[in-house]
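Heads up: the structure comes next, in structure tokens.
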Amino acid sequence: MRTQLLSQLITGGVAAAVAAVVIAAPNVFSRGQTQAAAPAAVCTYNWYLSNSRTSGTATIPAFAYGNTPMVPLAGNWDGASGDTPGAYSPDEHKFFLSNNFNGGVGQVTIALGNNGDRPIVGDWNGDGTDEVGTYTPSTGTFTKRATDGTTTTVAFGGKYRTPLIGDWDGDGVDDVGVYRASDAAFDLRLADGSTRSIVYGDPYWKPLAGDWNGDGRDEPGLYNPANATFYFRMSGIDPTETTEKIRYGDTGDRALVGDWDGNRTSTQGVIKS
């Protein structure tokens with residue numbers, strides 16, 4: 001557990017905060033006394049987002065939001081102009097959500113989750129606004145939080161998978177899914193309870209989900225960290241595969257996607273720290 005000061009930081013001032021909690025070691029130690037380890041460095045997340053799926057250049061001015069060990073994420077929190085940044089603190093079990101690309105402190109804070117949970121984001125009721133949730137790897141359970149604070153759960157895909165969220169069938173409501181890394185397989189749960197499985201890409205690439213072509217359905221995608229390349233499966237859950245790709249960012253970046261300009265089409269972004 002990090003100190004309270006560091007765990008509450010969302011953006012700027014990280015360097016100052018780190019300096020404030022690093023206490024200089026005394027010059028003389030008594031016998032048997034050991035020097036305490038310095039706190040781990042905290043890195044700020046810098047976001048580089050593009051509104052064009054075919055461009056390798058960021059189209060939105062870079063901004064800082066969140067810091068390690070938070071999990072960066074994106075969603076349409078206000079149901080208005082498109083997806084904007086968010087971050088989940090695994091230490092505090094809190095979501096910090098922003099409605100703009102200005103960096104700084106988020107406008108909404110939501111407490112949810114337990115130790116080991118992973119954050120998820122989706123439009124659970126089809127109202128055009130994204131809500132938060134969690135995935136518990138030890139049980140394979142998705143917890144969806146409604147805007148009034150109530151939660152519903154669904155178990156799907158087995159334990160210790162990579163969670164996925166998307167509107168796989170175009171009904172306006174996001175459903176759950178999982179990625180089996182060793183098999184390079186997407187297992188997607190449709191609204192009627194049936195499952196569609198798609199093998200795509202190479203094992204252990206980073207799975208993505210977004211509406212790449214604006215048809216109202218979310219499709220699988222992948223990010224290859226070895227060459228900083230995004231792969232978009234344009235054909236969605238249909239059997240015939242059609243893929244587009246774009247190199248964006250650098251190796252070592254964190255990949256994410258979102259509808260940054262509100263045109264109902266998802267495009268790429270990276271986070272550097």
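Pick out which of TRP205, TRP77, TRP47 has the largest mean-square fluctuation in a Gaussian network model of the chain, springs linking Cα atoms closer than 10 Å. Between TRP205, TRP77, TRP47, it is TRP205 that shows the largest mean-square fluctuation. From the mean inverse distance of alpha carbon pairs (Kirkwood) and the Cα radius of gyration, derive Rg over Rh for the chain. Ratio of gyration radius to Kirkwood radius for the chain: 1.01. Using the Karplus relation 6.51 cos²θ - 1.76 cosθ + 1.60 with θ = phi - 60°, the per-residue 3J(HN,Hα) values for region 257-273 come to 9, x, 8, 5, 10, x, 9, 6, 10, 8, 9, 8, x, 9, 10, 10, 9 Hz, with x marking Gly and Pro.
Among the protein heavy atoms, those of MET234 account for about 30 Å² of accessible surface (1.4 Å probe, every chain in place).
Close Lys pairs in region 43-272 (alpha-carbon distance under 25 Å; sequence gap of 8 or more, or different chains): 10. The stretch between THR54 and LEU190, if pulled fully straight at 0.36 nm per residue, gains 46.0 nm over its current Cα-Cα span. Restricting the calculation to Cα atoms, region 135-248 shows an Rg/Rh of 0.97 when the hydrodynamic-style radius is the Kirkwood one.
What base-10 log of the normalised intensity I(q)/I(0) is obtained for region 45-161 from the Debye formula, alpha carbons as equal point scatterers, at q = 0.19, 0.24 Å⁻¹? Calculated log10 I(q)/I(0) at the listed q: -1.05, -1.37. Each of THR68 and THR129 was given a label point 7 Å from its Cα along the Cα-to-Cβ line. The distance between the two points is 3.5 nm. Using heavy atoms of the protein chains and a probe of 1.4 Å, the accessible area assigned to ILE120 is about 10 Å². Amide H contacts under 5 Å for ASP259: ASP83, THR267, restricted to partners 5 or more places along the chain or on a different chain, H placed in the peptide plane at 1.01 Å from N.
At 7 Å along the Cα-to-beta-carbon direction for both THR240 and THR139, put a label point, then send me their distance in nm to one decimal. Going from the THR240 label point to the THR139 one covers 4.4 nm. Taking ASP187, ASP83, ASP215 in turn, the Gaussian network model of the chain (Cα-Cα springs below 10 Å) assigns the largest fluctuation to ASP215. Between the amide H of GLY66 and those of THR11, TYR45, distances stay under 5 Å, these residues lying 5 or more places away or on another chain, with hydrogens modeled in the peptide plane.
With helices as the sole contributors, the chain gives -1000 deg cm²/dmol at 222 nm; each DSSP H run of n ≥ 4 counts as -39500 (n - 2.57), and the sum is divided by every residue. Binning the alpha carbon pair distances of region 94-144 at 5 angstrom intervals from zero yields the distribution 5, 18, 24, 22, 18, 10, 3, 0, expressed in whole percent.
The values are calculated or read from the model by the stated rules, or taken from the named source; none is laboratory data. Only a predicted model underlies this, so the values are computations on that prediction, with no experimental measurement involved. Every residue, glycine as well, gets a Cβ built from its backbone with ideal geometry; the counts of neighbours run over all protein chains shown. With ligands, DNA and RNA removed, areas are computed over all heavy atoms of the protein, side chains included. Shrake-Rupley method; radii C 1.70, N 1.55, O 1.52, S 1.80 Å.
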